[in-house]
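Worksheet: the structure to be examined is printed underneath.
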Amino acid sequence: MGVVILLVMAAGVAAMLSRKLPTAFALVLLAVVIAFVAGAPLTGKDSVLDTVLQEGAPALAATMIAILLGSWLGKLLEETGIAGTLVRKIVEFGGDRPVFVALGVLAVSALVGTVTGSAPAAMLAGLIGIPAMIAVGIPKVTAAGTILMGIAVGIPFELPVWQFFSTALELPVDTVRGFMVKLFPFALVAAVAYVLVESRRRGVEHTWSLKSVQDKPAAPSRRKLLGDAPWYALLTPAVPLILALGFELAIIPSLLAGVLYALVTTTRPRDMNRRLLRTLYGGFEVAAPPITLFVAIGILLAAVKLPGAVDALEPLVKAVSPQNPILFVLVFTVLVPLCLYRGPLNAFGLGAGIAGVLIATGIYPAAAVLGMATSYNQVFGVADPTSTQTVWSAQYAGVSPQQVMVRTLPYVWVVALGGLCVTAASYL
Amino acid sequence: MSADHDLDLAVRLLAGTPTHEGRDPLTLRQWAIAAEEFGSRMTPEETPVRVVERDDGLAAGLLARYRSRPPVVELYVDTVARAEQLVVERGWRHWYPEGSVRAAALAHEQAHAWLHHAHVRAEFKRALGHTALRLGRRRVYAHVAGADELAAHAYARAACGLGRSPLLLTEALAAVAYPESEK
């Protein structure tokens, strides 16, 4: 029966890879089929309808709220001009040194990456950051990669991600935070190395472009004419981080504090209500795709944790899972590409289900699975040519996502290796 | 009149450059004038640069590209040929002599390379006069995104003895290459 479940999972991956089904729909379908194959009844205890669909769908509710708040804060960063001001200041201070600008945009991307991940973060930093980098001579692929590597520096401190791994792997937030702090230096060193090495290798480039005078700038909106956000408002992305990391405040109040700080530092009292509502509703739109995915992941996790599924998968997974720490690092480092192209190790896809299996069958401690999943997430978040932030950044810079993958993969692969080494040393 | 149009094009280029959203048009005009003046009096050193000819410029929307490592200028010959043809069609030969588009492209990229020298950068920022930070009498000059492009065009115009800015030619080429977006 375990083999049948693995075959069903493989079919699910094929459906996602071939784009026959959107990831979220494929995961729900997969969950229902796995539940039936595992012998779950239709209703009642450990059943398809009550356990998998009813209890699974809201299982990651806290993550969904955190995602929504992050998106709300992201909308505020955009509307109040905080993200744009950060990039503009960097270009003004260091625009004649392209490497300085790239490092500055990397830092801004990391900051917004801690608030909101995926495409919204790429847009926040990249809408001005990518053309600004290209204008000072950074090659297009390097510019797109800089945004993505920057977001990846922020991922270890992205509060909705903490919430996701905490709920999905049933680990306390403290444990997730502890590992993320260890993962961060690898992400940071790789990102800075990317900018320095790629800048050195590729140098600068300038074009005589036909498009330079073709695009007539749009008339500036009243908001844009109000000018830069005040300097103290630029600290907004750091507020939730300081509260959650420094004061160990819970994730949702930390994000709410960020929303309030952005509001009071940029908005006149009479405009506050309107701005709050407008950005909140805008946040819902941004958060819709990841929330849909988290509903599906919750359902899949509920399915793979059914007793029938655990009993069927345990002997199979045990047989192929390395227990020796060195072998663990080697095998899972070699398997890194399996998290690309919506592959089976993608933590925001079938990888969440596999992580659930590894924990439910007791093959690895939950903290070790956290180490694996977060290490793979660093790769997926940057290099996967099907992930929304990679597609958006590459296309906005005028290159293909595959070009960005080829250039960034070596760096993030090393990050994954580092994360797996820490995992093996700490938890195996 | 023609000088005014060239300046309008320069201001439009700056206004369309990221980080200048919502900038006062008068400020952009002052920067454009300063950048063009600086570019037209630049005296870049002759450095050996490999020139590579390519023929996919119209599709990519490019006339030339400079890469610093290794130093190479890519010249998009299809765009250059189309530009020369356009000069004839529009009756602009007195502004852009035969072969001047290629020469302007090479000069433009030579100017970009020159603008990466530290002392040139510092001098250029002083000429633009945009302040990033002021501490008492001390002043940190700011980089103005897009100004180097104007300086490079101005240098190309001066070095090749063009009657009008290369920006006019760029605008005409863009209108031919992307007729839909001009509507």
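Note on chain B: helix-only mean residue ellipticity at 222 nm, from DSSP H runs of 4+ residues weighted -39500 (n - 2.57) and normalised by residue number, equals -17500 deg cm²/dmol. Placing pseudo-labels 7 Å out from each Cα toward the beta carbon at B:Ala175 and B:Thr43 gives an inter-label distance of 3.8 nm.
The residues of region A:116-210 present an accessible area of 27 Å² per residue when probed at 1.4 Å with all protein chains retained. With a 10 Å cut-off around each Cβ of B:60-69, the average count of Cβ atoms from other chains is 6. In the assembled protein chains, B:Tyr66 presents an accessible area of approximately 20 Å² (probe radius 1.4 Å). Suppose the Debye formula is applied to equal point scatterers at every Cα of chain A; what is log10 I(q)/I(0) at q = 0.07, 0.10 Å⁻¹? Log-scaled intensity ratios, in q order: -0.34, -0.68.
Peptide A:128-137: average number of partner chain Cβ atoms within 10 Å per residue?
Values: counts 4, 2, 1, 6, 5, 2, 2, 9, 5, 7.
Averaged over the peptide's residues, the number is 4.
In Å² (nearest 100), what accessible area is buried between A and B, both sides summed, heavy protein atoms only, 1.4 Å probe? Result for this pair: about 3800 Å² buried. What the pair-distance distribution of region A:216-366 shows, using all Cα-Cα distances binned every 10 Å from zero, is 9, 23, 24, 20, 15, 8, 1 percent. Normalised per residue, the accessible area of region A:297-428 is 32 Å², obtained with a 1.4 Å probe and no contribution from ligands, DNA or RNA. Structure remark: mean-square fluctuation, Gaussian network model of chain B, C-alpha springs under 10 Å; the largest value among B:Arg12, B:Arg157, B:Arg90 belongs to B:Arg90.
Scalar couplings 3J(HN,Hα) for region A:290-295, obtained by applying the Karplus form with A = 6.51, B = -1.76, C = 1.60 to θ = phi - 60°, are x, 5, 4, 5, 5, 4 Hz; x denotes Gly and Pro.
In square angstrom, what is the accessible area per residue of region A:1-104 with a 1.4 angstrom probe?
Details: 4280 Å² over 104 residues.
Per-residue accessible area for region A:1-104 comes out at 41 Å².
The rule of thumb for compact globular proteins, 2.2 N^0.38 Å, goes into the C-alpha radius of gyration of region A:27-83 1.75 times. When N counts the residues of region B:1-120, how does its alpha-carbon radius of gyration compare numerically with 2.2 N^0.38 Å, as a ratio? With N residues counted in region B:1-120, Rg over 2.2 N^0.38 Å equals 1.17.
Around the Cα centre of region B:54-183, unit charges on the Cβ atoms of Lys, Arg, Asp and Glu (plus for the first two, minus for the last two) sum to a dipole of about 980 debye.
Per-residue shielding of B:73-81, expressed as the average number of other chain Cβ atoms within 10 Å of the residue Cβ, stands at 1.
Quick one: order A:Ser47, A:Ser426 from most to least accessible surface, probe 1.4 Å. Show your work: numbers first, answer last.
Details: A:Ser47 0, A:Ser426 55 Å².
Solvent-accessible surface, decreasing: A:Ser426, A:Ser47.
When the alpha carbon gyration tensor of region A:1-120 is reduced to an equivalent ellipsoid, its three semi-axes come out at 45, 19, 10 angstrom, largest first.
Count the net charge of all other residues whose Cβ sits under 12 Å from the Cβ of A:Leu245, scoring Lys and Arg as +1 and Asp and Glu as -1. Working shown, then result.
Numbers: positive: A:Arg177; negative: A:Glu158, A:Asp174, A:Glu248.
Every neighbour counted, the sum reads -2.
The label-point distance for B:Glu53 and A:Arg278, in a model that sets each label 7 Å from Cα toward Cβ, rounds to 5.5 nm. Against the compact-protein benchmark of 2.2 N^0.38 Å, the Cα-based radius of gyration of region A:323-411 scales to 1.18. Neighbours of A:Thr361, meaning other residues whose beta-carbon lies under 15 angstrom from its beta-carbon, give a summed charge of -1 when Lys and Arg score +1 and Asp and Glu score -1.
Backbone phi angles across region A:407-420, fed through the Karplus curve with coefficients 6.51, -1.76 and 1.60 (θ = phi - 60°), yield HN-Hα couplings of 6, 8, 4, x, 5, 6, 5, 5, 4, 4, 4, x, x, 5 Hz in residue order; Gly and Pro are listed as x.
Choose one answer from A:Lys20, A:Lys318, A:Lys182: the residue with the largest mean-square fluctuation in a GNM of chain A with alpha-carbon springs under 10 Å. Maximum fluctuation in the GNM of chain A, among the listed residues, is at A:Lys20. Helix B:100-114 and the longest principal axis of the Cα set of chain B meet at an angle near 30°. Roughly how many whole Å is it from the C-alpha centroid of region A:63-91 to that of region A:236-289? Region A:63-91 and region A:236-289 have Cα centres spaced 9 Å from each other.
A Gaussian network model of chain A, with springs between Cα atoms under 10 Å, assigns the largest mean-square fluctuation among A:Trp72, A:Trp162, A:Trp208 to A:Trp208. Applied to region A:310-324, the Karplus parametrisation 6.51 cos²θ - 1.76 cosθ + 1.60 on θ = phi - 60° returns per-residue 3J(HN,Hα) values of 4, 4, 6, 8, 3, x, 5, 5, 4, 5, 10, 8, x, 9, 5 Hz, with x for Gly and Pro.
Against chain A, whose longest principal axis is taken from its Cα atoms, helix A:61-79 shows a tilt of about 10°. If a/c stays under 1.5 just call it rounded; otherwise compare a/b with b/c (prolate if a/b is bigger, oblate if not). Do that for region B:135-180, with a ≥ b ≥ c from the square roots of the Cα gyration tensor eigenvalues. Oblate shape, in that a/c is at least 1.5 and b/c is the bigger or equal ratio. Database remark: amide H of B:Val72 closer than 5 angstrom to the amide H of B:Arg67 (H placed geometrically; neighbours at sequence offset of 5 or more, or on other chains; Pro and chain starts carry no H). How far is helix A:251-266 tilted off the main Cα axis of chain A, in degrees rounded to 10, range 0 to 90? Long axis of A:251-266 versus the principal axis of chain A: about 10 degrees.
Near B:Leu63, within a Cβ-to-Cβ distance under 13 Å, what is the net charge of the other residues, with Lys and Arg +1 and Asp and Glu -1?
-4
The values are calculated or read from the model by the stated rules, or taken from the named source; none is laboratory data. These figures come from a predicted structure and were not determined experimentally. Note: ideal-geometry Cβ built from the backbone for every residue, glycine included; neighbour counts use all protein chains shown. Heavy atoms of the whole protein, side chains included, go into the accessibility calculation; ligands, DNA and RNA do not. Shrake-Rupley method; radii C 1.70, N 1.55, O 1.52, S 1.80 Å.
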